[in-house]
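First comes the structure, then the notes that go with it.
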Amino acid sequence: MKIAILPDNEAIGKVGADILASTLKDKPDAVIGLATGSSPLPFYRELIERYKAGEISFAQCKAFTLDEYIGLEPNHPESYVQFIHREFVDHVDFAEGAVKTPNAQTDDLNGAAADYDAAIKEAGGVDFQVLGIGSDGHIAFNEPGDSLASRTHVVFLHDQTRRDNARFFDDDINQVPKEAISQGLGTIQEARKIVLFVQGKGKARAVREMVEGGISARWPASVLQLHPNVYVLADEDAASELELISNYREDWDNFASANL
Ligand code: GLP
């Protein structure tokens with residue numbers, strides 16, 4: 001993993017945008033995996049600015065979001081389809097229909113999950129995957145104990161995740177859905193490049209386990225240790241429990257001076 005420990009959200013957004021810009025330079029029709037949650041927002045804001053400045057375009061890109069709540073109306077403001085359009089997609093130039101989200105509005109959720117994996121495959125796979133991480137180490141909605149090789153599937157959300165996400169639902173855990181449809185860890189691991197955004201002390205333990213812990217379903221993000229091309233863009237608080245922090249700083253400075 002390449003670990004960048006950055007001073008603030010602005011720096012995190014800019015480094016993420018630099019990495020995506022280099023992907024788009026090589027492949028203007030890249031397939032992008034989009035994550036919801038608050039962590040990638042500085043990155044999306046930076047992308048919107050660069051798009052408005054005429055520096056990047058998504059006109060030839062396709063995109064797939066990671067997950068969707070089950071049981072919310074599609075026009076509910078906290079459904080992930082609404083979130084990603086509001087915070088990013090509607091501000092840039094994706095072609096009509098180029099951004100796909102898992103279909104949670106069907107009686108055949110397992111069929112919808114299989115169709116989603118098939119659609120990602122048909123698009124040629126994900127070139128650049130955006131990720132956040134939950135305080136319990138989940139990525140997308142792959143909770144602790146779930147398979148490290150799973151495909152897109154229906155998941156039950158743990159109380160910790162529902163408590164964390166209650167802030168988007170009037171601080172009322174009862175309004176947070178109990179189920180979601182989520183890309184699996186096996187699906188996510190097939191992306192060619194993964195960039196994970198993480199901020200805050202509340203994520204410090206999850207970051208330590210992801211980077212330095214054993215690979216285990218207890219901390220689902222630890223599976224990323226097996227991926228050859230992962231960037232973790234963290235602030236000082238999120239990185240604060242890393243044992244080898246000075247090594248990561250040194251490695252990143254060397255990498256960034258040669259590549260960014
Ligand atoms: C949700 C999403 C994840 C996200 C996580 C962290 O559970 N399904 O994709 O990474 O929350 O969210 P945040 O970035 O708001 O802390």
### Query
Consider Thr161 against the criteria (1) modelled with pLDDT of 95 or more; (2) closer than 15 Å to Tyr69 by Cβ: it satisfies all of them except one. Which criterion is unmet?
(1)
### Query
Of (1) in contact (Cβ under 8 Å) with a residue 40 or more places away in the chain; (2) in a helix (DSSP H, G or I), Ala234 satisfies all except one. Which?
(2)
### Query
Out of (1) surrounded by fewer than 16 Cβ atoms within 10 Å (Cβ to Cβ); (2) away from the ligand (no atom under 15 Å from the Cβ); (3) touching a residue at least 12 places away in the same chain (Cβ under 8 Å), what's the single condition that is false for Arg208?
(1)
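Residues are listed down the side, and each one gets a yes or a no for (1) assigned to a strand (DSSP E or B); (2) touching a strand residue (DSSP E or B) at 6+ places or on another chain (Cβ under 8 Å):
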{"site": "Ala180", "(1), (2)": "yes, yes"}
{"site": "Arg192", "(1), (2)": "no, yes"}
{"site": "Arg208", "(1), (2)": "no, no"}
{"site": "Leu224", "(1), (2)": "no, yes"}
#### Entry: Failed item, numbered, when Val198 is tested on (1) in contact (Cβ under 8 Å) with a residue 40 or more places away in the chain; (2) within 14 Å of the ligand (Cβ to nearest atom); (3) over 14 Å from the mean Cα position of the chain (by Cα)
(3)
### Query
For segment 25-60, which residues satisfy the criterion of being in contact with a Ser or Thr (Cβ under 9 Å, 6 or more places away or on another chain) and surrounded by 21 or more Cβ atoms within 10 Å (Cβ to Cβ)?
Ala30, Ile32, Gly33, Leu34, Ala35, Thr36
### Query
Looking at segment 139-157, is at least one residue more than 26 Å from Ser222 (Cβ to Cβ) and over 18 Å from the mean Cα position of the chain (by Cα)?
no
#### Entry: Unmet requirement for Tyr80, which otherwise passes all of (1) of a type outside the set (A, V, I, L, M, F, W, C); (2) surrounded by fewer than 21 Cβ atoms within 10 Å (Cβ to Cβ); (3) within 13 Å of the ligand (Cβ to nearest atom); (4) closer than 24 Å to Val154 by Cβ
(2)
### Query
Can you find even one residue in segment 129-140 that is free of Cβ contacts under 8 Å to residues at least 40 places away in the same chain and in a loop (DSSP other than H, G, I, E, B)?
no
### Task
Would you mind stating whether Gly124 is assigned to a loop (DSSP other than H, G, I, E, B), within 16 Å of the ligand (Cβ to nearest atom) and in contact (Cβ under 8 Å) with a residue 60 or more places away in the chain?
no
### Message
Based on this model, can you work out whether Phe88 counts as within 15 Å of the ligand (Cβ to nearest atom), under 19 Å from the mean Cα position of the chain (by Cα) and surrounded by 19 or more Cβ atoms within 10 Å (Cβ to Cβ)?
### Response
yes
### Task
Among the numbered conditions (1) under 30 Å from Pro77 (Cβ atoms); (2) surrounded by fewer than 17 Cβ atoms within 10 Å (Cβ to Cβ); (3) under 17 Å from the mean Cα position of the chain (by Cα), tell me where Ile188 comes up short.
(2)
### Task
Quickly run through segment 148-173 and pick out the residues that are in contact with a strand residue (DSSP E or B) (Cβ under 9 Å, 6 or more places away or on another chain), in a loop (DSSP other than H, G, I, E, B) and more than 10 Å from the ligand (Cβ to nearest atom).
Leu148, Ser150, Thr152
### Task
Could you pull out the residue among Gly111, Gly71 that is surrounded by fewer than 20 Cβ atoms within 10 Å (Cβ to Cβ) and at positive phi?
Gly71
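The values are calculated or read from the model by the stated rules, or taken from the named source; none is laboratory data. Here the structure is a predicted model, which is why all the values come from computation and not from measurement. Virtual Cβ from ideal backbone geometry, glycine too; neighbours counted across all protein chains shown.
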